[in-house]
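K.L.:
Got a structure here, written out as structure tokens. Questions coming.
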Amino acid sequence: MFYGLKLALGSRSSDSKWLLFLNKEANPNELLNNTHVPLNCEFLIVQNTQAQMYELKEAYRVNKGLPLHLTNFGSWSEETGLLASSKHIHTRRADLGGVVLKTCTLQGIALRISQVKNDKIIKIGGYLGMIWNMLQENLNFKSDYYESKSYGGQLENGSWTGMVGLLNRREMDACAAVFIMDINRITAIDFTAPVLNQR
């Protein structure tokens with residue numbers, strides 16, 4: 001049963017909503033021990049906790065290999081109906097628990113490397129650096145920075161170089177840099193909402 005679940009979760013799991021029914025004795029942590037439930041996947045566990053009362057919990061991992069988060073989402077009973085959180089998924093998961101993201105960066109017009117210690121980037125600055133630092137603080141994550149030599153371009157064989165390649169091959173978790181969105185890059189990597197408009 002869970003082999004099929006793992007297989008399904010590995011393929012476009014963020015496009016689906018999952019509902020797993022468990023009996024009272026089942027332990028969600030044990031059942032999902034080796035299953036990666038991505039941060040952006042809506043995965044609800046329904047479990048009978050007392051007579052005619054069901055508890056709904058959300059399950060997710062901030063990143064592969066990190067502990068499973070189980071948070072209360074709501075409850076259901078015949079008497080009360082569904083009592084559930086009305087908060088958006090991004091609001092419910094706004095604390096990344098101090099996870100360290102491998103982050104590539106490149107100095108440019110809106111970003112500068114502001115602190116280096118023992119040849120390691122410690123802090124970035126500039127307009128984009130300021131935004132990145134606020135994101136780290138508000139979402140509770142840290143960055144392990146790597147300086148790239150280029151933004152990246154697509155080769156004839158379809159592979160990518162530079163920061164786009166590092167993200168596309170999943171060698172990095174994020175990039176703190178100013179990228180120009182184009183049709184090729186949009187198919188290779190995910191972008192945030194634009195923070196700079198160039199005319």
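The values are calculated or read from the model by the stated rules, or taken from the named source; none is laboratory data. All values reported here derive from a predicted model rather than from experimental measurement. Neighbour counts are summed over all protein chains in view; Cβ atoms, including those assigned to glycine, are modelled from backbone coordinates with ideal geometry.
K.L.:
Can we say Lys87 is surrounded by fewer than 16 Cβ atoms within 10 Å (Cβ to Cβ), modelled with pLDDT of 90 or more and under 18 Å from the mean Cα position of the chain (by Cα)?
P.N.:
Criteria met by Lys87.
K.L.:
Within the stretch 48-61, identify whether any single residue is of a type in the set (Gly, Ala, Ser), under 22 Å from the mean Cα position of the chain (by Cα) and part of a loop (DSSP other than H, G, I, E, B), and answer yes or no.
P.N.:
Checked the stretch 48-61: no residue is of a type in the set (Gly, Ala, Ser), under 22 Å from the mean Cα position of the chain (by Cα) and part of a loop (DSSP other than H, G, I, E, B).
K.L.:
Just name the residue that is nearest to Asn63 (Cα to Cα) out of those in the stretch 108-122 that are touching a residue at least 40 places away in the same chain (Cβ under 8 Å) and surrounded by 15 or more Cβ atoms within 10 Å (Cβ to Cβ).
P.N.:
Looking at the filtered set, the residue picked out is Leu111.
K.L.:
If you take the residues of the stretch 161-196 that are surrounded by fewer than 16 Cβ atoms within 10 Å (Cβ to Cβ) and charged (D, E, K, R), which of them is farthest from Tyr127 (Cα to Cα)?
P.N.:
Applying the filter and picking the extreme gives Arg169.
K.L.:
What are the pairs with Cβ atoms under 8 angstrom where one residue, in the stretch 138-160, is under 18 Å from Ile124 (Cβ atoms) and the other, located anywhere, is among the polar types (S, T, N, Q) and part of a loop (DSSP other than H, G, I, E, B)? Sequence gap at least six, or different chains.
P.N.:
That search, which allows pairs on different chains as well, returns Glu147/Gln107; Ser150/Thr161.
K.L.:
Okay, moving on. On the basis of being in contact with a Leu (Cβ under 8 Å, 6 or more places away or on another chain) and not in a strand (DSSP E or B), does Asn29 make the cut?
P.N.:
yes
K.L.:
Looking at Ile131 and the list (1) on the phi > 0 side of the Ramachandran plot; (2) at pLDDT 90 or above, which single condition is not satisfied?
P.N.:
Every condition holds for Ile131 apart from (1).
K.L.:
So which residues in the stretch 65-106 are in contact (Cβ under 8 Å) with a residue 12 or more places away in the chain, among the polar types (S, T, N, Q) and more than 30 Å from Gly162 (Cβ to Cβ)?
P.N.:
Thr71, Asn72, Ser75, Ser77, Ser85
K.L.:
Please state which of the following conditions Val195 fails to meet, knowing it meets all the rest: (1) under 29 Å from Thr91 (Cα atoms); (2) at pLDDT 85 or above; (3) of a type outside the set (Gly, Ala, Ser).
P.N.:
For Val195, the exception is condition (2).
K.L.:
Looking only at the stretch 52-84, count how many residues are polar (S, T, N, Q), surrounded by 14 or more Cβ atoms within 10 Å (Cβ to Cβ) and modelled with pLDDT under 90.
P.N.:
Count: 1.
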